[in-house]
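What follows is a short report on a single structure.
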Amino acid sequence: MATAITYTAFGGPEVLTPTEIQVKAPGADQVAVRIEAAGVNPLDHKLRSGARPSGPITDPRRVGSDGAGVVTAVGEDVEGFRAGDEVVVFGAAGVYASDIVVPSSRLAPRPPQVSAAEGAALGVPVGTAYQTLRSLDVRAGDTLLVHGGSGSVGQAIIQLAVLWGATVLATCSARRAERVSALGAVAVRYDDPDGGTLADRVRAAAPGGVTAVIDIAGTDEALQTSLDLVTDRHRIATLVRGKDAAGLGIRAFMGGSPRPLNAQELAWRAEAIPVVLHLMAAGRFTVELGPQLPLADAAEAHRLVEAGTDGKVVLLP
Ligand SMILES: NC(=O)c1ccc[n+]([C@@H]2O[C@H](COP(=O)([O-])OP(=O)(O)OC[C@H]3O[C@@H](n4cnc5c(N)ncnc54)[C@H](OP(=O)(O)O)[C@@H]3O)[C@@H](O)[C@H]2O)c1
């Protein structure tokens, strides 16, 4: 019998319950995967708590979109995957589980250099980072400011933008400056006790100016700094203040935006996973892992993510 984490009412982490589930054989274009690791994203706890609106719960609701595991069976018409293949699962539904059946389009082959936990850390952060950078057309010659550079999305943005030739400034706490710098960004404290504004600190770190901004922090100061430093509002994007973006004339990709991602943006999010797996296999992209907990401890995993734990929290079925 397979196990999945479910909840039947919005609420605190304690609503997450291990439940026995039936897993059907994969149908046409579907693949069955035994999950070895499931990544925990902030969106998972926002949906669970109801902070991010979703439809009313009518059946036990599954959790999680990202994971990694081993193919156990393939349905008709599936090409490119067979039983025994190690894979990364991204953009799927209900991945906090021991076993799952997903469309083959939600899988990428996992190279041997990438552990299951690392593979489970990719889907949302890497897809979001790559799509946002492509949408803003960040390239060599740009000076990119990232608000929230030390988190999973921020670290992916820094690494890709540096690889593509941009100069990157990333805001973080003093505690996390070393990590951000090691990835190739200029670390800028968002919480400097010596005073001064965030905009002043960014100006001091980038005297030539900033040409594009990605906001994953969502504070008023981060937004105001973006508006103060970049006149072309088409090159300012927020991933967390989507509701406010239209009023400010800036761009938003999800994060509460009423506008769904378009076909190109969705394609970029999917394209990101094999691109980054290739970079990881070549030793050119790294993932920071955090605590790894048994699947049954999903509630504790959500508490850790909500508390701001460093590195990607992963569940191990
Ligand atoms: N729109 C989308 O499609 C999309 C996709 C993925 C994620 N998101 C959202 O993006 C946010 C980050 O996700 P994540 O997975 O990267 O989370 P994460 O790994 O938990 O990282 C969160 C980061 O926020 C930083 N932070 C907190 N306060 C800050 C401030 N005032 N200024 C700058 N940084 C600050 C923390 O940095 P320190 O540890 O240095 O304090 C931490 O590294 C979440 O709200 C998530 O829901 C949106």
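Structure summary
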{"quantity": "Some residue of region 221-233 being part of a strand (DSSP E or B), surrounded by 14 or more Cβ atoms within 10 Å (Cβ to Cβ) and either free of Cβ contacts under 8 Å to residues at least 40 places away in the same chain or assigned by TED's automatic domain parsing to the domain that holds Ser173 (or both)", "calculated": "no"}
{"quantity": "Check on Gly308, assigned by TED's automatic domain parsing to the domain that holds Arg139 and either in a loop (DSSP other than H, G, I, E, B) or modelled with pLDDT of 95 or more (or both)", "calculated": "no"}
{"quantity": "Selection count where residues are on the phi < 0 side of the Ramachandran plot and either more than 12 Å from the ligand (Cβ to nearest atom) or in a helix (DSSP H, G or I) (or both), scope region 38-66", "calculated": "20"}
{"quantity": "Residue match in region 101-108 (condition: assigned to a helix (DSSP H, G or I), touching a helix residue (DSSP H, G or I) at 6+ places or on another chain (Cβ under 9 Å) and either at pLDDT below 95 or not aliphatic (A, V, I, L, M) (or both))", "calculated": "yes"}
{"quantity": "Filter result (buried (at least 24 other Cβ atoms within 10 Å of the Cβ) and more than 13 Å from the ligand (Cβ to nearest atom)) within region 139-159", "calculated": "Leu144"}
{"quantity": "The listed residue being surrounded by 24 or more Cβ atoms within 10 Å (Cβ to Cβ) and in contact with a strand residue (DSSP E or B) (Cβ under 7 Å, 6 or more places away or on another chain), out of Ala93, Ala108", "calculated": "Ala108"}
{"quantity": "Selection within region 266-287 - surrounded by fewer than 17 Cβ atoms within 10 Å (Cβ to Cβ) and more than 18 Å from Val87 (Cβ to Cβ)", "calculated": "Leu266, Ala267, Ala282, Gly283, Arg284, Thr286"}
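The values are calculated or read from the model by the stated rules, or taken from the named source; none is laboratory data. This is a predicted model, so every value here is computed, not measured. Note that each Cβ is placed from the backbone with ideal geometry, even for glycine, and that neighbours are counted across all protein chains shown.
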